[in-house]
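Reviewing the structure listed below.
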Amino acid sequence: PHAGPVESKNEAAMSELVPEPRQKPIVPMKPMGINANLLGYIGIDTIIEQMRKKTMKTGFDFNIMVVGQSGLGKSTLVNTLFKSQVSRKSSGWNREEKIPKTVEIKAIGHVIEEGGVKMKLTVIDTPGFGDQINNENCWEPIEKYINEQYEKFLKEEVNIARKKRIPDTRVHCCLYFISPTGHSLRPLDLEFMKHLSKVVNIIPVIAKADTMTLEEKTEFKQRVRKELEVNGIEFYPQKEFDEDLEDKTENDKIRQESMPFAVVGSDKEYQVNGKRVLGRKTPWGIIEVENLTHCEFALLRDFVIRTHLQDLKEVTHNIHYETYRAKRLNDNGGLPPMTVETEENHESNL
């Protein structure tokens, strides 16, 4: 007779313990944005500052090559670009030095510091290019040099105990100097760019643009662009490497309006309207290097250093070096051939 009330008590207790089944939450179709005000500040944006500090400590490499006939102002332009005496000629060049019989490659390294950022700059000059009567295949030593730098990087990369930071001697940018003839590109110009545009970032530059009138300059730029297009020569920034619409819009403007940059270089200062400016003195006035109405030097400087320097390095690593690396490893069944030196390194690493 007492069983009934006890059972009813137990049932009541159990019903208290067992929760009622809840409805499953509806999964939203799109990920919901986190309300920052609700959760407070996390600090994800500090990663940019962390990266900046790390880069400033280690510094970075930038290797620029200049190619063109003698007398086109290659050394002067590079000095003007970096506002330093960085060219081969300013590093103990002898005026009696004869034109080399074949193309020579001369690399000069400098450390430039600005705003606490260190850059190890290497200027690679190519004296003797295009200066001979017979210039057949004179781009071959340059192509060989560029590929040798890729090979050097690859050998370091495939080492078992590789360095944490591999020294980067790869050519990130090649300024190709076009003679300001006002006519058309020479067969040598077309041949060089056709061969080298596949292995390095080429930026065509019309040298000594002050020798042409503004109309001649505009016409010559259009003619050069047309000839490069007709011959299927891709210069930097290449269309197929534009990552998004913003890049495409910005780079299309450069490709269709600025290229090739018509420039004037000078490392001499003059007084103009109470201001010190870099320029070239002529009987009819001073050509100001950084004045856009006089020449496009400022556009070239902004392009190479202020907007596309990191991209030049990335395209070199991800496209040109990657292409070389894939071909090299494919040809050798996976690894570069073992020389006596690499065998010794291999054993010492083991």
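Observations
- Residues that are more than 13 Å from residue 80 (Cβ to Cβ) and either hydrophobic (A, V, I, L, M, F, W, C) or in contact (Cβ under 8 Å) with a residue 12 or more places away in the chain (or both) within segment 257-290 comprise 258, 259, 260, 262, 270, 272, 281, 282, 284, 286, listed in sequence order.
- Flag if residue 225 is touching a residue at least 24 places away in the same chain (Cβ under 8 Å), basic (Lys, Arg) and assigned to a loop (DSSP other than H, G, I, E, B): no
- Hits in segment 173-226 - residues which are small (Gly, Ala, Ser) and either at negative phi or open to solvent by 30 Å² or more (accessible area, probe 1.4 Å) (or both): 179, 184, 197, 207, 209
- Taking each residue of segment 103-128 that is within 20 Å of residue 57 (Cβ to Cβ) and looking for partners that are among the aliphatic types (A, V, I, L, M) and open to solvent by 40 Å² or more (accessible area, probe 1.4 Å) with beta-carbon atoms closer than 8 Å, six or more apart or interchain, yields 116/56; 117/56; 118/56; 118/111; 119/111; 120/111; 121/111.
- Residue in segment 268-281 that is assigned to a loop (DSSP other than H, G, I, E, B), among the charged types (D, E, K, R) and under 25 Å from residue 129 (Cβ atoms) present: no
The values are calculated or read from the model by the stated rules, or taken from the named source; none is laboratory data. Since the model is a prediction, treat every value here as computed from it, not as a measurement. So basically every Cβ, Gly included, is an ideal-geometry build from the backbone, and we count neighbours across all protein chains shown. Ligands, DNA and RNA are excluded from the accessible area calculation, which covers all protein heavy atoms including side chains. Shrake-Rupley method; radii C 1.70, N 1.55, O 1.52, S 1.80 Å.
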